[in-house]
Amino acid sequence: MKVEEVLQKHIAETILFSNIYPYSNAESFTENGVLDSMNVIELVAFLERQFGVQVADHEIIPDNFDSISKMAAFVRSKQQVAA
Amino acid sequence: MLIHQFLENSADRLPDKIALICDGQRLTYADVEAQANRLANALRAQGLQRGDRVALYLPNSVEMAIAIFAVLKAGGVFVPINPTTKYDKCAYILNHCAARSLITHGRQIDLINQLLQNVPSLKTIVLVSPTNGANGDRIMSYDAIQADYSEHRPPPINIDLDLACLIYTSGSTGEPKGVMADHSNVVFAASSIIQYLGNIESDIVIGLLPLSFDYGLYQLLMTFKFGGTLVLEKGFTYPAIILQRMEEERVTGFPGVPTIFTMLLKMDLSNYDLSNLRYLTNTAAALPPSHITEIRDKFPWATLFSMYGLTETKRTLYLPPEHLDQRSSSVGIPIPGTEAWIENDDGQRLKAGQVGELVVRGRHVMRGYWNAPEKTAVRFRPGPLPGERLCYTGDLFRTDEEGFFYFVARKDDVIKSRGEKVPPKEVEQVLYALEDVQEAAVIGVADPVLGQAIKAFVVLNPGSLLTNGDLLRHCRANLEDFMVPRFMEIRTELPKSANGKINKLELN
């Protein structure tokens, strides 16, 4: 599964409690009220667990976390650094 | 004094000083005053009368801050609503207070159309952009108002006994109650808090809590009263951004709740220069003593204030920081100019060490609950002098020999999660709205970050296909974020007491 699909599935199931992710990958979580502050902490833990990446405090910013696309790009950039 | 004179006095005295930093904008007191006057003049031109309610359903934003003062300038009563509130509760509140106007975001067009249909009192809606093509004779755009209306200060029409705001809080019965504050209540409470925090004009306060929550709201009101600067943020979702902002803006005041402090303490703070921080405040729920120690270790140059309050009196108690070492688990003494004591159920005052209900006396005791005389009579009762009100808080406390107060427990079963009050009944009612739910019980379980996490137990009708996910999705669609259960458990039966009531003490 692509990173985007993994993220869509996870957010749909654990945060929206839905079978489908109803927004486009580029749409902002904040503007659609998808995430609250607790969800972001959980997503950080999910990325670390699922993709084996390490997320530093200063990387937890909207540029990396405010949409499926941004999160996927962030994961890929971390994986490249690690590889 | 009236609340909007906090802004007006500062705008007269310090017109060019930065008052509000928010959404990438830096507004001077003169800017805020002009925008608030334009919106106030528009509301008046639309027929707003003295005492009319105006609901403000917006996240922390420039427009939200301005709207609060604009409604007061226009002679109205503002009713802030948490932006994560869902349609049913929003409609309930608007109908309950017969709101005449609503100021909200243009993005929520479906919700606005539903409200227009189902809230007959609603005459005007002001939309903050984008207005998404919404139009109609009852809809106005915030941007158009700013372009079209006069920036002259409207002449005052209130006295300080007039209502200024209704703050809806969750009650143990599951129905929200609107706490009525008049101008004098708010002016008194703000002055008392400013006094013990020692706020001065050079203070720069970071506002992380929603303006719909009185703790968040008072950061704005107080800062404008003492002529400081408010850095208004939408929350603590991205702590690194907030810390960076605090460094850049040289923030001196940090108001938090335990969940925010827990997140803060998990971060590596060595990358940020927070040396301008003069004080931190905590309220809404008690900080564990270990957090108090850690906060003081990380910010040895700043002062920590532990506080306690409820919307019905705004703030009630604070611990003078010099007592933090000896009495770290105390929430202190009554705020300046007020008194408090502890009573048993027979109305007798109790001595040190005895546990009873906290009773509060002072000008910060609010005016009761909007349109709810029975609930008002329970919480607000006559005092020693004719015509005066005391607040019976519903919280159990004890004092030590020196008169310092210690929180013991709540008298009702309201859960405190993330510093917000969550009545189990409100969550249970939402679950019971599902046809297949036979029984529902909601409790709070200890959680290191949230304080208490919400856990729901549900018994479904035989043959029901509902899953945990279905139940949680339904909760999420009908409850504010902080009320959505963290844990959901489907059971075949729930423990019962002898008289057949669900026995929550056996759930965990």
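Would you check which residues across the range B:456-467 are farther than 26 Å from residue B:409 by Cβ and surrounded by 16 or more Cβ atoms within 10 Å (Cβ to Cβ) and list them?
B:458, B:459, B:460, B:464, B:466
Every residue, every condition in (1) under 25 Å from the mean Cα position of the chain (by Cα); (2) buried (at least 21 other Cβ atoms within 10 Å of the Cβ); (3) modelled with pLDDT of 95 or more, yes or no:
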residue	(1), (2), (3)
B:11	no, yes, yes
B:15	no, no, yes
B:19	yes, yes, yes
B:23	yes, no, no
B:33	yes, yes, yes
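Here are some residues: B:453, B:409. Which one is more than 14 Å from chain A (Cβ to nearest Cβ), part of a strand (DSSP E or B) and either crowded, with 18+ Cβ neighbours inside 10 Å or without any contact (Cβ under 8 Å) to a residue 60 or more places away in the chain (or both)?
After applying the criteria, what remains is B:409.
At least 1 residues that are over 16 Å from residue B:190 (Cα atoms) in each: list the strands (runs of 3 or more DSSP E) lying fully within the range B:284-347 that qualify.
B:303-310, B:339-343
Cβ-Cβ below 7 Å, separation at least six or inter-chain, first residue in the range B:11-26 and farther than 14 Å from residue B:66 by Cβ, second in a loop (DSSP other than H, G, I, E, B): which pairs?
If the second residue must be in a loop (DSSP other than H, G, I, E, B), the pairs left are B:13/B:227; B:14/B:227; B:17/B:227.
Kindly provide the set of residues from the range B:284-302 that are of a type in the set (Ser, Thr, Tyr) and buried (at least 22 other Cβ atoms within 10 Å of the Cβ), ordered by number.
none
Could you tell me which of the residues B:305, B:224, B:236 is crowded, with 18+ Cβ neighbours inside 10 Å and under 19 Å from residue A:59 (Cβ atoms)?
Exactly one residue qualifies, and that residue is B:236.
Among the residues of the range A:43-83, what is the count of those that are at positive phi and either assigned to a helix (DSSP H, G or I) or modelled with pLDDT under 90 (or both)?
Qualifying residue count, the range A:43-83: 0.
Which condition number does residue B:494 fail, the rest of (1) within 14 Å of chain A (Cβ to nearest Cβ); (2) over 25 Å from residue B:284 (Cβ atoms); (3) open to solvent by less than 10 Å² (accessible area, probe 1.4 Å) being met?
All conditions are met except number (1).
Here's a check for you: in the range B:44-86, which residue that is hydroxyl-bearing (Ser, Thr, Tyr) and in a loop (DSSP other than H, G, I, E, B) is most open to solvent (accessible area, probe 1.4 Å)?
Taking the candidates together, the pick is B:84.
Looking at the structure I just gave you, is residue A:59 among the acidic types (Asp, Glu), more than 21 Å from residue B:233 (Cβ to Cβ) and open to solvent by 30 Å² or more (accessible area, probe 1.4 Å)?
Criteria not met by residue A:59.
Considering only residues that are in a strand (DSSP E or B) and under 13 Å from residue B:188 (Cα atoms), which ones fall in the range B:361-383?
B:361
For the range A:22-38, check the following and say yes or no: at least one residue is of a type in the set (Phe, Trp, Tyr), touching a Lys or Arg at 6+ places or on another chain (Cβ under 7 Å) and surrounded by 14 or more Cβ atoms within 10 Å (Cβ to Cβ).
no
Residue check, residue A:77 against (1) more than 13 Å from chain B (Cβ to nearest Cβ); (2) in contact with a Ser or Thr (Cβ under 9 Å, 6 or more places away or on another chain); (3) surrounded by fewer than 17 Cβ atoms within 10 Å (Cβ to Cβ), all met but one. Which one?
(2)
With the checklist (1) surrounded by fewer than 19 Cβ atoms within 10 Å (Cβ to Cβ); (2) more than 18 Å from residue B:317 (Cα to Cα); (3) touching a residue at least 12 places away in the same chain (Cβ under 8 Å) in hand, flag the one item residue B:387 doesn't pass.
Going through (1) surrounded by fewer than 19 Cβ atoms within 10 Å (Cβ to Cβ); (2) more than 18 Å from residue B:317 (Cα to Cα); (3) touching a residue at least 12 places away in the same chain (Cβ under 8 Å) one by one, residue B:387 breaks only (3).
Could you figure out which of (1) more than 23 Å from the chain's Cα centre (by Cα); (2) open to solvent by 50 Å² or more (accessible area, probe 1.4 Å) isn't true of residue B:350?
Only one criterion is unmet by residue B:350, namely (2).
Quickly run through the range B:74-92 and pick out the residues that are more than 14 Å from chain A (Cβ to nearest Cβ) and more than 17 Å from the chain's Cα centre (by Cα).
B:74, B:75, B:76, B:88, B:91, B:92
Only one of B:94, B:122, B:102 is at pLDDT 95 or above, open to solvent by less than 20 Å² (accessible area, probe 1.4 Å) and in a helix (DSSP H, G or I); which?
B:94
Just the residues that are part of a helix (DSSP H, G or I), more than 12 Å from every other protein chain (Cβ to nearest Cβ) and closer than 29 Å to residue B:4 by Cβ, please, taken from the range B:223-267.
B:223, B:224, B:225, B:226, B:246, B:249
Starting from residues that are within 14 Å of chain A (Cβ to nearest Cβ), open to solvent by 20 Å² or more (accessible area, probe 1.4 Å) and in contact (Cβ under 8 Å) with a residue 60 or more places away in the chain, keep the ones in the range B:423-450 and report whichever is farthest from residue B:484 (Cα to Cα).
Top of the filtered list is B:448.
So which residues in the range A:1-35 are of a type in the set (D, E, K, R) and either more than 13 Å from every other protein chain (Cβ to nearest Cβ) or within 13 Å of residue A:67 (Cα to Cα) (or both)?
If the condition is that a residue be of a type in the set (D, E, K, R) and either more than 13 Å from every other protein chain (Cβ to nearest Cβ) or within 13 Å of residue A:67 (Cα to Cα) (or both), then A:2, A:4, A:5, A:27, A:31 are the ones that fit.
Would you check if there is a residue in the range B:468-486 being open to solvent by 20 Å² or more (accessible area, probe 1.4 Å), away from chain A (no Cβ under 14 Å), farther than 25 Å from residue B:312 by Cα and among the basic types (Lys, Arg)?
Checked against the condition, which is being open to solvent by 20 Å² or more (accessible area, probe 1.4 Å), away from chain A (no Cβ under 14 Å), farther than 25 Å from residue B:312 by Cα and among the basic types (Lys, Arg), the range B:468-486 yields no hits at all.
Here's a check for you: in the range A:40-51, which residue that is open to solvent by 20 Å² or more (accessible area, probe 1.4 Å) and under 24 Å from residue B:258 (Cβ atoms) is farthest from the other protein chains (Cβ to nearest Cβ)?
A:45
Tell me which residues, restricted to the range B:412-422, are open to solvent by 50 Å² or more (accessible area, probe 1.4 Å), part of a loop (DSSP other than H, G, I, E, B) and either closer than 20 Å to residue A:14 by Cα or not acidic (Asp, Glu) (or both).
B:418
The values are calculated or read from the model by the stated rules, or taken from the named source; none is laboratory data. Quick caveat: nothing in here was measured; it's all calculated off a predicted structure. Reconstructed Cβ throughout: ideal geometry from the backbone, glycine too, with neighbour counts over all protein chains shown. What goes into the accessible areas is simple: the full protein's heavy atoms, side chains included, and nothing from ligands, DNA or RNA. Shrake-Rupley method; radii C 1.70, N 1.55, O 1.52, S 1.80 Å.
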